[in-house]
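Shown next, in structure tokens, is the structure this report addresses.
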Amino acid sequence: MRIALFLCFLSLSLFAHKLNLFLDYEEDKLYIYSYFNSGSPCKNCKLELFDSKQILLKTLKTNEKGEYFLKDYENVTYVKVEGIGGHSTKGKIANALTEAKDKKAKVKSENSLLSSIIAIALIILIFIGLKRIKR
């Protein structure tokens, strides 16, 4: 029983220094943000950019906020971040691109003129209905 309890506590501490990677597109730039599980940024961490054949293209470093804005990302397929103590994580850029396109599609569909007109018409009908119920 003591061994099982010890293993439970040991497994909880395994994620204490997990390194997370966030990829997004902002204003035609690839936004790379890396942070530890505690929320603290991965300062001056090593960034490695790979193509689709896993060939290293470039090695960079994050800033004091754990961020890097990459303007030239056409040939880059994977991003790998290495933190202090051997912690590392890897992310695929194609996943971030599809998520960014999905976000833009949602924003465009929500801003359509027809849906705005329908919403205003429904609000007017609700107020008319409330006025008639009040009488």
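The values are calculated or read from the model by the stated rules, or taken from the named source; none is laboratory data. The structure displayed is predicted, hence computed values, not measured ones. FYI the Cβ positions are ideal-geometry reconstructions off the backbone, even for glycines, and counts take in every protein chain you see. Accessible surface areas use protein heavy atoms only, side chains included; no ligands, DNA or RNA. Shrake-Rupley method; radii C 1.70, N 1.55, O 1.52, S 1.80 Å.
Here are the numbers for this structure:
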item	result
Of all residues in the range 55-87 being hydrophobic (A, V, I, L, M, F, W, C) and under 17 Å from residue 25 (Cα atoms), the one that is most open to solvent (accessible area, probe 1.4 Å)	69
Residues of the range 3-18 that turn out to be modelled with pLDDT of 60 or more and out of contact with any His (no Cβ under 8 Å at 6 or more places or on another chain), as a count	4
Qualifying positions in the range 19-48 - part of a loop (DSSP other than H, G, I, E, B), open to solvent by 30 Å² or more (accessible area, probe 1.4 Å) and modelled with pLDDT of 80 or more	37, 38, 39, 40, 43, 44
